[in-house]
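First the structure, in the form of structure tokens, and then the observations on it.
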Amino acid sequence: TFDQMFNALAEVCNLFTPQEAGTTFARQAMDQLKGEALKSDSTKYVGEFKANKYHGQGTLKEPDNIEYIGNFKAGKQHGQFTVIYPNGCKLICEFKNDESYGRLTLITAGGNELKGEWRDGEFQLDK
């Protein structure tokens with residue numbers, strides 16, 4: 001049955017427990033899936049999977065309602081991202097292996113833009 005197949009796939013993927021209902025997959029290629037996963041902490045991922053990890057275009061929404069929209073590589077944020085905060089602020093930045101780096105733009109809820117870059121682990125505004 002579908003439930004048995006889902007439970008077996010969930011255990012192999014190690015992305016979520018088999019009891020977490022509502023996760024769906026659609027076959028995209030032999031080793032790539034597209035679908036969604038709901039983890040036990042209520043983190044939700046919708047997008048592409050490869051080799052049992054988030055891989056390709058996807059959206060990750062954390063329990064605190066911060067939403068990451070962008071590219072994933074081998075389960076990590078990697079590439080261009082838009083991060084949307086519950087207060088309406090948006091951050092447009094690059095990630096490499098789950099770490100933000102390089103140039104970024106912060107757009108406030110009121111529409112003001114702040115530009116800068118990550119230096120030594122901190123956000124430095126342009127002068």
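The values are calculated or read from the model by the stated rules, or taken from the named source; none is laboratory data. No experiment lies behind these values; they were computed from the predicted model shown. Glycine also receives a Cβ, built like all others from the backbone with ideal geometry; neighbour counts cover every protein chain displayed. Side chains are part of the model used for accessible areas, which takes the heavy atoms of the whole protein and leaves out ligands, DNA and RNA. Shrake-Rupley method; radii C 1.70, N 1.55, O 1.52, S 1.80 Å.
Some notes on this structure:
- Look at region 78-97: where a residue is on the phi > 0 side of the Ramachandran plot and a partner is outside any strand (DSSP E or B) and of a type outside the set (Gly, Ala, Ser), sitting 6+ places away or on another chain with Cβ atoms under 8 Å, you get GLY88/THR108.
- Test for GLY110: is it outside any strand (DSSP E or B) and of a type outside the set (Asp, Glu): yes
- All of LYS76, LYS53 fail the test of being modelled with pLDDT of 90 or more and of a type in the set (Lys, Arg), apart from LYS76.
- Sub-6 Å Cβ pairs linking a first residue in region 40-56 that is open to solvent by 60 Å² or more (accessible area, probe 1.4 Å) to a second residue that is among the aliphatic types (A, V, I, L, M) and outside any strand (DSSP E or B), at least 6 apart or interchain, are LYS53/ALA74, ordered by first then second residue.
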